[in-house]
Amino acid sequence: MKLIRRILFFLFFVGFAHAVAFAQEKPSYFLHTIEKGQSLYSISTMYEVSKADIIRLNPGCDEVIICGQTLRIPQNKMKQKDEIFHTIQAGETLYKVTTLYDVSAQAICESNPGLSADNFRVGQVLLIPTHEVSASQVPVIISNTPANEVKSNCKDMHKVTRKETIFSICREYNLTEGELIAANPELKDGLKKGKFLCIPYPSPSINAAKEAERNVTPPSNSELFSKSKQTTKTISTIKAALILPFTQDKRMTEYYEGFLIALDSLKRSGVSIDLHVYDSGNENTSLTPILAKNELKDMDVIFGPLHQQHIKPLSVFAKKNDIRLVIPFSSKDSEVFNNASIYQINTPQSYLYSEVYEHFIRQFPNASVIILQSPTVNKEKDIFIKGLKQELTHKSISVKTLKEDASLETLKSVLRLDKENIFIPTSGSNITLIKILPQLTLLVRENAEANIHLFGYPEWQTYTRDHLDSFFELDTYFYSSFYTNNLLPAAIRFSKAYHKWYSKDMANTFPKYGMLGFDTGYFFLKGLSRYGAELENNLQRMNLTPIQTGFKFQRVNNWGGFVNKKAFFVHYTKNFELVKLDFE
């Protein structure tokens, strides 16, 4: 029996040691609360970690993530040399965070331009600049020993164990990270188990400061944010630049032409603008010659580029020189997640879809949704439908799926007289419309007592002329972040002005690039003329009515830029009216 007990004890000890070792090897993490519109891809991009690492810490999140859910996010090991992420805990203040990481409130505020006393709350993630080491943080060793006598600068030597971090060692010895790294420069390359570290004598000035700090009432969030706020920069003449491939793409020329009409309108109202225009060439052309121009560093705002390959270098340039970068076209670039200067006009897919889901449920709370499945899979529409089903199920709204070519009898069998019947195809193509419209039109005519709608996609604007009568008869809706038509007064006025300026009409595309140029130019230049460097804090007060493009800017996180979350529905009513549902 004694032998068996010894064997069992040995196995328990080995298992316990293995479990402890495994726990110690786990990477450090912080918590992220999922917000509306975020996807696993956008979250991984935001924190510059792989989706696989997030899934490893949060099993099942690759299947579904829900707004309000909390995820464990591993600290990016490459980032840890310069910056880390911190999730605000209950009871924490900005002052407490500054003491926790030994960085100034100003440094935290500069790294998190979206942070304020109003939104400093539990669960928010902050970017902490760990590289900030001031002169007062570096230990000063004063020695009165003779020159021929060697005295160690180390008060103690510390052997690093596996579970320890620079932060935990600093707390143990009441040191700042700056003091410890100054005494052990090799720590810049990381902490290694078994390494002996020099524990320096604390600087007398630092000890005095810490002692004084203990006797002072900690400042409030409002006080720290107020002190850390930079002096507002006034703008007498707005300096703007356009960097687009004018000779390569006629749409960019139309965008520029609309932009010029916006400039003319603003100058007539007394706004002073200095415009610089550069041709970026094709996607393989380097932007280096343009970015090397001295005047570009003084811009208040840059509009562009078109090509995906040009976004990264232009983003780096804008961030370095503190210039706003308005990206009018691409919706798929990730620079917005880590550059506070970026405005992304074309709404990223996950953010657009989340807005549409919310508007859909608001518009059709008593719906019975029938999905018309296309034999051809479209990846983007598949993602949209999957997310919509998830939201509808969560709200207990009925969802059925039929084939795109379902018979009239099959369509009739799923109708509900006590609900609004919403038919949604899984394809936005014109071919799909040609297939489904005749059957749905017959269904409406033969079932007048049923409340039936067709719901679809932004590209349907392109096919309106071909299917206008059917859209009206089917009481059709489609979502979009841009819309105009020739009956709207603002669109009529702009079209006339454009024709007068250039003796031609805009190309028949959606969106219309002349209107896009006017809307983006007018919005940002008007905003800078009103609020100057305080534009970012006054976006909600702009109160402008664009001709075509909706604007609703929100920061993606405290250290990143802005995405445009505007989405509205266009409704072709049975009374032959066109209604734009804004939901704001």
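At a glance:
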quantity	calculated
Ellipsoid equivalent to segment 339-437 - semi-axes via the Cα gyration tensor, in Å	27, 18, 10
Aspartates and glutamates whose Cα lies under 12 Å from that of LYS320, excluding same-chain neighbours fewer than 8 positions away	ASP298
Links that overshoot a 21 Å alpha carbon limit, given the list LYS332/LYS526; LYS403/LYS435; LYS229/LYS319	LYS332/LYS526
Helix axis angle, 464-473 relative to the chain longest principal axis, alpha carbon, degrees	80 degrees
Cα-based reach from LYS565 at 17 Å (exclusive), listing aspartates and glutamates while leaving out same-chain residues under 8 positions away	GLU35, ASP333, GLU335, GLU355, GLU358, ASP519, GLU536, ASP582, GLU584
Computed [θ] at 222 nm, deg cm²/dmol, the chain (DSSP H ≥ 4; -39,500 (n - 2.57); rounded to nearest 500)	-11500 deg cm²/dmol
Protection-proxy order for peptides 494-500, 61-67, each taking the mean of Cβ atoms within 10 Å per residue, highest first	494-500, 61-67
Extended-chain gain in nm, criterion 0.36 nm per residue less alpha-carbon gap, PHE583 and LEU417	57.1 nm
Per-residue HN-Hα couplings for segment 543-550 [Karplus 6.51, -1.76, 1.60; θ = phi - 60°; Hz; x = Gly/Pro]	6, 9, 10, x, 6, 10, 9, x
Share, in percent, of DSSP beta bridges within the chain that are antiparallel, nearest 5	45 percent
Low-density loop positions, GluC sites (Glu not before Pro), segment 256-308 - DSSP coil, at most 16 other Cβ in 10 Å	GLU283
Principal-axis tilt of helix 349-363 within the chain, Cα atoms, nearest 10 degrees	60 degrees
Segment 478-584 shape via C-alpha gyration tensor axes, a/c threshold 1.5	oblate
Reduced Cα scattering model of the chain, Debye log10 I(q)/I(0), q = 0.07 Å⁻¹	-0.58
Percent accessible area from carbon and sulfur atoms, the chain, protein chains only, probe 1.4 Å	53 percent
Segment 441-569, dipole about Cα centre (Lys/Arg Cβ +1, Asp/Glu Cβ -1), debye to the nearest 20	820 debye
Calculated over segment 287-413: convex hull of Cα atoms, volume per residue (Å³)	133 Å³
Added length on full extension, which subtracts the Cα-Cα distance from 0.36 nm per residue, LYS36 to GLU172	44.9 nm
Rough spin-label spacing in nm, given labels placed 7 Å along Cα→Cβ, for LYS192 and HIS499	7.6 nm
Partners for LYS155 among lysines (Cα-Cα distance below 27 Å; same-chain residues under 8 apart left out)	LYS81, LYS163, LYS188, LYS192, LYS193, LYS195, LYS210
Burial order of peptide ranges 168-178, 439-449 (average beta-carbon count within 10 Å, highest first)	168-178, 439-449
Where segment 245-334 is the region considered: accessible area per residue in Å², 1.4 Å probe	47 Å²
Average accessible surface area per residue within segment 359-482, 1.4 Å rolling probe, Å²	47 Å²
Cα-based shape type of segment 452-538, given that a ≥ b ≥ c are square roots of the gyration tensor eigenvalues and the cut on a/c is 1.5	oblate
Lone cysteines, the chain (no partner Cβ under 4.7 Å)	CYS61, CYS67, CYS109, CYS170
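The values are calculated or read from the model by the stated rules, or taken from the named source; none is laboratory data. Remember, it's a predicted structure, so these values are computed and weren't measured experimentally. Reconstructed Cβ throughout: ideal geometry from the backbone, glycine too, with neighbour counts over all protein chains shown. Calculation scope for accessible area: heavy atoms of the full protein, side chains included, ligands and nucleic acids excluded. Shrake-Rupley method; radii C 1.70, N 1.55, O 1.52, S 1.80 Å.
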